[in-house]
1. For the stretch 364-412, give me each residue that is within 18 Å of residue 451 (Cβ to Cβ), part of a helix (DSSP H, G or I) and in contact with a helix residue (DSSP H, G or I) (Cβ under 7 Å, 6 or more places away or on another chain).
2. For the stretch 419-461, which positions are at positive phi and surrounded by 15 or more Cβ atoms within 10 Å (Cβ to Cβ)?
3. So, restricting to helices (runs of 4 or more DSSP H) that lie completely within the stretch 1-112, which ones have at least 2 residues that are modelled with pLDDT of 95 or more, surrounded by 20 or more Cβ atoms within 10 Å (Cβ to Cβ) and at negative phi?
4. Can you confirm whether the stretch 300-318 contains a residue that is more than 26 Å from residue 224 (Cα to Cα) and not in a strand (DSSP E or B)?
5. In this structure, does residue 380 turn out to be more than 24 Å from the chain's Cα centre (by Cα), at pLDDT 95 or above and surrounded by fewer than 17 Cβ atoms within 10 Å (Cβ to Cβ)?
6. If residue 221 meets every condition in (1) out of contact with any strand residue (DSSP E or B) (no Cβ under 8 Å at 6 or more places or on another chain); (2) surrounded by 21 or more Cβ atoms within 10 Å (Cβ to Cβ) apart from one, which number is that one?
7. Tell me whether the stretch 132-144 contains one or more residues that are part of a helix (DSSP H, G or I) and either surrounded by fewer than 23 Cβ atoms within 10 Å (Cβ to Cβ) or in contact with a helix residue (DSSP H, G or I) (Cβ under 7 Å, 6 or more places away or on another chain) (or both).
């Protein structure tokens, strides 16, 4: 009997030791990646949570939450959500769908009353999936004006649809602002109060809330931007624009761990509601768009990825869920210079190499060859202006760009292999593994249907 007890004790000790070693290894890998990325992108502060098989593996703060007061980032540090907040708006809508108070295929006019004629066939589902033809804040929109909710709805109604409902996919903050208004119309409550009552409190998300710059918010981080290479405080916007349902929340990684627990356990909502949220939308012609309700959807190496990023007022956020691997990564940064997808996916790859993209069969080798030439032309100092958006051309033709100058020193391109290809509305995002003579680089290229490159990111591995 004593021998059995001893063996069991040793087994428990061994398992505990193995778990501690695995955690230490994961933390070291995350530390190395995060510190390199923070240095590369000049990020003041970052909060990270890695959840593996339902248990927090790494929960850690890096750098400074507030530069002026030299306050370090902690797991308790509060960041702004940006568009990661959209999944909470979608969740609130689905609570009301489960209760029979909203129908996914109901026309939004049912809840909003009189609407423009072009909105006649716009449904709740269209708004959730960015397929309603709604656009976004115009170039002339005044972010310092304190609009009422009715003012915002009037502006949205006066903005022409970009396409017929269900015809295309186009990311739209206006669509989610409208969903927040629908929540108030149906419940009689501000969507933030509805979330506090029906989501945050039940899930134990004790510090999650709608943004308020006037309230005392303990552990609140400052958001930063870079102007001419110098770190500056975020720019001020009117208070109402920090209350809209397109992504205006405060939360910490501790709150987001509770959120992940709810998602993994499929709490509060029906199974059907979760299935809806994580199913790619189909357009009118049957084409599938890899977006659900407040979530972007894709696969990497055959594994499902459910993710979303956010950006607002000097903050960047990202959550990436790899349900097939039992892995979730949350990254919150207080710098507009951060690349949230790079942070989230890079941390995931550091912890679980199985989710690092592997070269895929290239369906467009001629396009790949063209992109390779684009990069070679940039490094040769001869980018073709016709291939780029005006903004991006100014960047790639800048002889003082440090990254491009550095890449010129690591030798010629030896390999250029496709890792991922994702349709994103009217554009396609390509990810390549590029082998130079002395190091490897991940290159992301976003190209629209006219062949214009509007996005380019080079990430040394």
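1. Across the stretch 364-412, the qualifying residues are 374, 378, 385, 387, 393, 396.
2. 425
3. Where helices (runs of 4 or more DSSP H) fall fully within the stretch 1-112 and carry at least 2 residues being modelled with pLDDT of 95 or more, surrounded by 20 or more Cβ atoms within 10 Å (Cβ to Cβ) and at negative phi, they are 2-41, 86-98.
4. Yes, the stretch 300-318 has at least one match.
5. no
6. Failed condition: (1).
7. no
Conditions tested, residue by residue: (1) more than 22 Å from residue 125 (Cβ to Cβ); (2) at pLDDT 95 or above.
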position: 274; (1), (2): no, yes
position: 287; (1), (2): no, no
position: 301; (1), (2): yes, no
position: 306; (1), (2): no, yes
position: 324; (1), (2): yes, yes
position: 345; (1), (2): yes, no
position: 351; (1), (2): yes, yes
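The values are calculated or read from the model by the stated rules, or taken from the named source; none is laboratory data. The structure displayed is predicted, hence computed values, not measured ones. For neighbour counting, all protein chains shown are included, and Cβ atoms are generated from backbone atoms with ideal geometry for every residue, glycine included.
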